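Notes follow once the structure below has been shown.
The values are calculated or read from the model by the stated rules, or taken from the named source; none is laboratory data. This is a predicted model, so every value here is computed, not measured. Neighbour counts run over all protein chains shown; Cβ positions are idealised from the backbone, glycine included.
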Amino acid sequence: MAMADDAPPPPGIDISVPRSARVWNYWLGGKDHYAVDRAAADAYTEIFPGIVDVARVSRAWLGRSIRYLGGEEGVRQFLDVGSGLPTVDNTHEIAQRVAPDARIVYVDHDPLVLAHARALLTSTDEGATAYVNADLRTPDKILDEAANTLDLDQPVGLMLIGVLGHIEEYDEARAIVGALLEGLAPGSFLTLYDGIDSEIYVRANNFYNQQGGIPYISRSPEMIAGYFEGLELVPPGIVELSTWRPDPTEIGTRVGTPVDAHGGMGKKA
């Protein structure tokens, strides 16, 4: 059920324009959104019905990524930048099911995400979960505050899940990724996806960007791959999300719904 639109929002929350965290929450079946977000999301879906599949497939891919990092690579620290609103199977829940001693830092600067931070700040006794209120464009601040919870001299799983499209200049987006990785130890991993610049995705984004919220820019698969320059790619590389290490079934390998989003994982030497 959605928020009551006649109830006052928490202080500092603007409900006159849509916000991506709330729109995404709506597509994922959450309850943390307002009428302006639902209107923008529904209009977006009219142009690009596949965006709901992108939301759900990317969420499943996030789970596979964390289970791989925690299970096969032994990663015990995660830095989730642009975490968005809590839904089902958040990063800390998945990571701590794999390894109860996992430590997770979430980063976001949306006021509603901050208001819901308590929902994220749960943890096993062995591990830890923390929240940093910071903009993606301030990597130094992110790293400084994350260091209060994470040991940055040990490997970290850096998660940039569908957020770099909010950085309008590609060179700036790459510089942010580089600065974050520079502050992490060798053996750390970058896990990242973004929407690709298919005609229908671009058309839907152009509509959304006119609604007054923070713009989102989809990019080519080659540009998404560019974020991983200098890293050792985890097979199968930078691919359409449903094809990245799909869950096995009794009759083989299940590949989910193809979506207009590419991503992957790379290891820092």
Every residue from region 56-100 that is among the charged types (D, E, K, R), out of contact with any strand residue (DSSP E or B) (no Cβ under 9 Å at 6 or more places or on another chain) and under 19 Å from GLN154 (Cα atoms): ARG67, GLU72
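Would you mind stating whether THR91 is of a type in the set (Ser, Thr, Tyr), free of Cβ contacts under 8 Å to residues at least 40 places away in the same chain and either farther than 29 Å from PRO18 by Cα or in contact with a Leu (Cβ under 8 Å, 6 or more places away or on another chain) (or both)?
no
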Any chance you could count how many residues in region 182-197 are touching a Leu at 6+ places or on another chain (Cβ under 9 Å) and crowded, with 20+ Cβ neighbours inside 10 Å? 8
So, first residue aromatic (Phe, Trp, Tyr) in region 128-148, second residue assigned to a loop (DSSP other than H, G, I, E, B) and at pLDDT below 95, Cβ within less than 7 Å, six or more apart or across chains; the pairs are TYR131/LEU121
Listing of helices (runs of 4 or more DSSP H) fully contained in region 5-96 that carry 3 or more residues being in contact with a His (Cβ under 8 Å, 6 or more places away or on another chain) and farther than 21 Å from ALA128 by Cα: 20-27
Among the residues of region 240-269, how many are out of contact with any helix residue (DSSP H, G or I) (no Cβ under 6 Å at 6 or more places or on another chain) and closer than 22 Å to ALA204 by Cα? 1
Filter region 64-114 down to residues that are surrounded by fewer than 18 Cβ atoms within 10 Å (Cβ to Cβ) and in contact with an Asp or Glu (Cβ under 6 Å, 6 or more places away or on another chain) and give me whichever is nearest to LEU180 (Cα to Cα). HIS109
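Residues are listed down the side, and each one gets a yes or a no for (1) at pLDDT 90 or above; (2) among the basic types (Lys, Arg):
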site	(1), (2)
LEU114	no, no
GLU126	yes, no
LYS141	yes, yes
LEU150	yes, no
ASP153	yes, no
GLY165	yes, no
LEU180	yes, no
GLY183	yes, no
Members of region 198-236 found to be under 19 Å from ILE47 (Cβ atoms), without any contact (Cβ under 8 Å) to a residue 60 or more places away in the chain and surrounded by fewer than 18 Cβ atoms within 10 Å (Cβ to Cβ), listed by number: GLU199, VAL202, ASN206, ASN209, GLN210, PRO215
The condition of being among the charged types (D, E, K, R), crowded, with 22+ Cβ neighbours inside 10 Å and closer than 24 Å to ASP89 by Cβ holds, among ARG56, ARG38, ARG19, only for ARG19
Here is a list of conditions, (1) in a helix (DSSP H, G or I); (2) at pLDDT 95 or above, and LEU158 meets all of them except one; can you say which number that is? (1)
